[in-house]
1. Can you list the strands (runs of 3 or more DSSP E) found entirely within the chain that contain at least 3 residues being at pLDDT below 90?
2. For the subset of region 10-48 comprising residues that are in contact with a strand residue (DSSP E or B) (Cβ under 6 Å, 6 or more places away or on another chain) and either among the basic types (K, R) or touching a residue at least 40 places away in the same chain (Cβ under 8 Å) (or both), which member is farthest from V59 (Cα to Cα)?
3. For region 37-65, name all the residues that are of a type in the set (S, T, Y) and surrounded by 14 or more Cβ atoms within 10 Å (Cβ to Cβ).
Amino acid sequence: MGGRDKCWAFQSPSQIKSLVVDDKKEEGDNRIYEITLSLSDERVGGVYEAKATVTYKKVGKKWTFTCAGSGR
C-alpha cells in the first residue's frame, strides 16, 4: 500500500496498531470505507499513519472485498 515516494509492505496483521473508519458510503452494489491506520514494524521503528479507501461489492447476499488503496 502506498504511493510513489512512500509505501508500506504488510508482513503481518499485527503491524496494524489501530484502525478507524472515518467515513462509509454506499454507491449501488459498492460499500466504500475511508479508513485511517496506525502502523508499526519493530524492524523499522516508529509509528506511521496511513489513510486508505477499502471497497466491498455485494455479490448475492454477501459483501466481497474488491480493493484497497491509498490516497483519498
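1. Working: elements: 16-27, 30-40, 47-59, 62-70.
Ranges flagged: 47-59, 62-70.
2. Just the residues of region 10-48 that are in contact with a strand residue (DSSP E or B) (Cβ under 6 Å, 6 or more places away or on another chain), to begin with: 15-25, 29-40, 47-48.
Now restrict to residues that are either among the basic types (K, R) or touching a residue at least 40 places away in the same chain (Cβ under 8 Å) (or both): 17, 24-25, 31, 48.
Values: K17: 30, K24: 18, K25: 17, R31: 12, Y48: 34 Å.
Only one residue tops the list, namely Y48.
3. Narrowing region 37-65 to residues of a type in the set (S, T, Y): 38, 40, 48, 53, 55-56, 64.
Scanning region 37-65 gives S38, S40, Y48, T53, T55, Y56.
The values are calculated or read from the model by the stated rules, or taken from the named source; none is laboratory data. Predicted model, so just to flag it, every value in this text is computed and none were measured. With ideal geometry, Cβ positions are generated from the backbone for all residues, glycine too; neighbour counts draw on all protein chains shown.
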